[in-house]
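Engineer: Could you have a look at this structure, given as structure tokens, before my questions?
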Amino acid sequence: MRAEPPPRLDLKLAATVTLAFLILISLGTWQVLRLQWKTELLHKIELLQAAPAKPLAEGLSRGDDADFIRVQLDCPGLDQAPTLKTYALNEAGQVGDRILAACPIHVDGYGSILIDRGFAPKGVALRPAASPDASVIGVLRKPAPPSAFAPKPMELAGRSRS
């Protein structure tokens with residue numbers, strides 16, 4: 001009777017399993033770090049809800065630290081401003097539009113600021129009500145930096161902010 005050789009470890013299989021294991025470990029680590037970032041962000045937003053609104057110029061003057069600041073600005077003509085409707089779902093899963101409008105401003109080189117006017121269910125043509133001399137209180141968000149998935153902002157008349 002002939003003895004069988006001991007089973008050999010397939011190096012390709014071992015390398016594939018090791019690579020898969022390392023990928024899963026790195027994805028798990030990334031998820032834990034993302035959870036920590038998201039928890040801190042939600043805490044910051046919770047604190048922001050009770051914070052008094054600052055004038056827009058003060059919020060914009062903070063530069064890179066201008067994200068998630070509660071601001072107030074006057075936006076005359078908001079009720080007549082052109083709007084952009086984007087597809088949206090509300091918290092209840094209802095289909096509708098997110099209504100966005102540009103408010104002209106002249107602060108620190110900025111020419112306008114985008115105002116999120118809220119959600120309108122599909123089929124409702126009415127814009128959310130706004131007085132002609134609308135005073136807007138909201139949360140200032142800085143735009144996401146350009147990436148491979150987001151193009152660079154277009155420059156208008158040689159200015160990068162407008």
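Engineer: Return a yes/no flag: does the stretch 48-69 have any residue that is surrounded by 13 or more Cβ atoms within 10 Å (Cβ to Cβ), under 27 Å from Phe119 (Cα atoms) and in contact with a Ser or Thr (Cβ under 6 Å, 6 or more places away or on another chain).
Structural biologist: no
Engineer: Right, another one. Output the number of residues of the stretch 1-43 satisfying the condition of being within 30 Å of Ile69 (Cβ to Cβ) and hydrophobic (A, V, I, L, M, F, W, C).
Structural biologist: So the answer is 7.
Engineer: If you check Pro128 against the conditions, is it at pLDDT 75 or above, assigned to a loop (DSSP other than H, G, I, E, B), farther than 20 Å from Leu41 by Cβ and not polar (S, T, N, Q)?
Structural biologist: No, not satisfied.
Engineer: Still on this structure, I have one more. Regarding Asp108, is this residue modelled with pLDDT under 85 and farther than 24 Å from Ala50 by Cα?
Structural biologist: Yes, satisfied.
Engineer: Turning to a different aspect of this structure: Considering (1) at pLDDT below 85; (2) surrounded by 11 or more Cβ atoms within 10 Å (Cβ to Cβ); (3) under 19 Å from the mean Cα position of the chain (by Cα), say which one Val136 fails and leave the rest.
Structural biologist: Single failed check for Val136: (3).
The values are calculated or read from the model by the stated rules, or taken from the named source; none is laboratory data. Model, not experiment: these values are computed from the prediction. Using ideal geometry, Cβ is built from the backbone for each residue, glycine included, and neighbour counts are taken over all protein chains shown.
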